[in-house]
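The values are calculated or read from the model by the stated rules, or taken from the named source; none is laboratory data. Predicted model, so just to flag it, every value in this text is computed and none were measured. Glycine also receives a Cβ, built like all others from the backbone with ideal geometry; neighbour counts cover every protein chain displayed.
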Amino acid sequence: MNTKPTLLAEPLAITRRHFFAKTAGGLGAIALSSLLPRSAMAQAPGGLPGFPNFAPKATRVIYLFQSGAPSQIELFDHKPLLNKLHGEQLPESVRDGQRLTGMTSQQSSIPLAGSIFPFHQAGQSGAWLSSLLPHTATVADELCIVRSMFTEAINHDPAVTFFQTGSQIAGRPSFGSWIHYGLGSVNQNLPAFIVLVTPHKSDQPLYSRLWGSGFLDTRYQGIQFRSGKEPILYMSDPDGPCGSGRRALLDKLNALNRLQFEKELDPEIESRIAQYEMAYRMQSSVPEVTDLSKEPESTYQLYGPDSRKPGTYAANCLLARRLAERGVRFIQLYHQGWDQHGDLPNGISGQTRETDQASAALVKDLKQRGMLEDTLVIWGGEFGRTCYSQGKLTNDNYGRDHHPRCFSIWMAGGGVKPGLTYGRTDDYSYNIVDADGQVLHPEKGRQTPGAVHVHDLQATILHLLGIDHEQLNYLYQGRHFRLTDVHGSVVKDLLA
């Protein structure tokens, strides 16, 4: 880990030394930015001096998080051997004594389950994709599919928290908060970090701490947009005050807050002032960006009929494109319902019907607008699913348990290599293997070529944004924290 981090926590008392040090850094950053080509300048108001650390490939991220863990075996990781061995027991040589969850460890039988959904090769890249993903297949040559992801978490809440904050333990800043902290905001009328959640009945809840700022200043937390007439609660003016009266009231409130700041020197008071101002500006910007009615008919046809229904996954994908157009740095979509311990064929069919067309449409829409080049789109969940059945196995029905040892995600645009399928798993989709089929054990040494840990993915995403993940850190309670903790390496093979 970097022993001389460049970033320090905000002091409660701002001394002359702090003032001149911070001012000098700011002037230096301004001078440097004037020498950089415009394509390399992603420094924005509120960003840290010296960030980005180098010319970025991506200036914004749209993260399509599929909460509940989609089965890689049904979607991206074609395993014909599982169909041949359907119903036979998982070989002990494959499992090699690895732990099972409490949900299947007591099963008397651990039968292998092949996918009932056929696979086909798509595009010039020849990527293997399930018949469940016909629309994704049309953008196969834009995708960078990673089949060798792995994580340490085996249960949903710590696994989702790990992806979103870099730690399985709640309380750390979220991914979007780190990016807002380092790079600042481009559009001063919208938050730099916006969250969209598809309403869904799920046994796995989503908590607002997943987009919280942790120990960073609260101004960096994600702002959730809800469906309906009021995307942000209490944003509308109450009946009575006119616009000028509202502005005058806010000015008086800000003046009182500044008096309080001069007395206490608490940075959170300055954040409160900034958030009041942002809320005021959002009263006009949010209704405009969330009004999808002016989109042409061709756009609705591209994203599918659900895109006309506020709050659906398709409508949120369309809204994400509109937010990206207006300079929002980090747009996080959450779609729940992928936790199929039983009746998986029926459950995953419904999930892909809701997500496949809109996910592919987002990639196509960004590309036709010339935005895919500098917009990084990410699709994936918190871990994978087992190659054996949880519960009763039949020829057309089965469930799958949690499997952290290997799973698949995809990325598109933003500087990743298009048309690439990276990493391999064994014939059971149980372990990550090398090019010769030898099982890798990345848990014994994180930096294993071909295997991609959660922190490796996070480091790679930050790299695409022009950030050295070891430099983006923050002093808190005597320790320098960062998104990737003390781990993580950029996976250079994924870079275009």
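Data for the structure
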item	result
Count of region 214-267 residues which are at pLDDT 75 or above, polar (S, T, N, Q), more than 18 Å from Phe193 (Cα to Cα) and within 31 Å of the chain's Cα centre (by Cα)	0
Residue in region 71-85 that is closer than 17 Å to Tyr430 by Cα, modelled with pLDDT of 95 or more and exposed (fewer than 13 other Cβ atoms within 10 Å of the Cβ) present	yes
Selected residue (only one of Phe76, Phe119, Phe51, Phe65 is touching a residue at least 40 places away in the same chain (Cβ under 8 Å), within 30 Å of Arg329 (Cα to Cα), aromatic (Phe, Trp, Tyr) and out of contact with any Gly (no Cβ under 9 Å at 6 or more places or on another chain))	Phe76
Count - residues of region 431-458 that are more than 21 Å from Glu152 (Cβ to Cβ) and either surrounded by 21 or more Cβ atoms within 10 Å (Cβ to Cβ) or of a type in the set (Gly, Ala, Ser) (or both)	2
Positions within region 307-320 being surrounded by fewer than 21 Cβ atoms within 10 Å (Cβ to Cβ) and in contact with a helix residue (DSSP H, G or I) (Cβ under 9 Å, 6 or more places away or on another chain), in sequence order	Arg308, Lys309, Pro310
Any hit, region 459-474, residues being out of contact with any helix residue (DSSP H, G or I) (no Cβ under 7 Å at 6 or more places or on another chain), among the β-branched types (Val, Ile, Thr), buried (at least 22 other Cβ atoms within 10 Å of the Cβ) and farther than 18 Å from Gln72 by Cβ	yes
Subset of region 456-476 (residues that are free of Cβ contacts under 8 Å to residues at least 40 places away in the same chain and not in a helix (DSSP H, G or I))	His469
Residues satisfying the stated conditions in region 255-272, i.e. farther than 13 Å from Gly46 by Cβ and either touching a Lys or Arg at 6+ places or on another chain (Cβ under 7 Å) or of a type in the set (Asp, Glu) (or both)	Asn257, Glu262, Glu264, Asp266, Glu268
Sole residue being in contact with a strand residue (DSSP E or B) (Cβ under 6 Å, 6 or more places away or on another chain), surrounded by fewer than 23 Cβ atoms within 10 Å (Cβ to Cβ) and over 27 Å from Val490 (Cβ atoms), chosen from Tyr422, Tyr428	Tyr428
Single match in Ser285, Ser293 (criterion: assigned to a helix (DSSP H, G or I) and surrounded by fewer than 16 Cβ atoms within 10 Å (Cβ to Cβ))	Ser293
Only one of Tyr207, Tyr181 that is aromatic (Phe, Trp, Tyr), surrounded by fewer than 23 Cβ atoms within 10 Å (Cβ to Cβ), more than 21 Å from Tyr428 (Cβ to Cβ) and under 19 Å from the mean Cα position of the chain (by Cα)	Tyr207
Scope region 341-389; condition part of a loop (DSSP other than H, G, I, E, B), surrounded by fewer than 24 Cβ atoms within 10 Å (Cβ to Cβ) and in contact (Cβ under 8 Å) with a residue 60 or more places away in the chain; matching residues	His341
Close pairs from region 167-192: first over 17 Å from Leu376 (Cα atoms) and hydrophobic (A, V, I, L, M, F, W, C), partner buried (at least 18 other Cβ atoms within 10 Å of the Cβ) and modelled with pLDDT of 95 or more, Cβ under 6 Å, at least 6 apart	Ala170/Thr161; Leu190/Val328
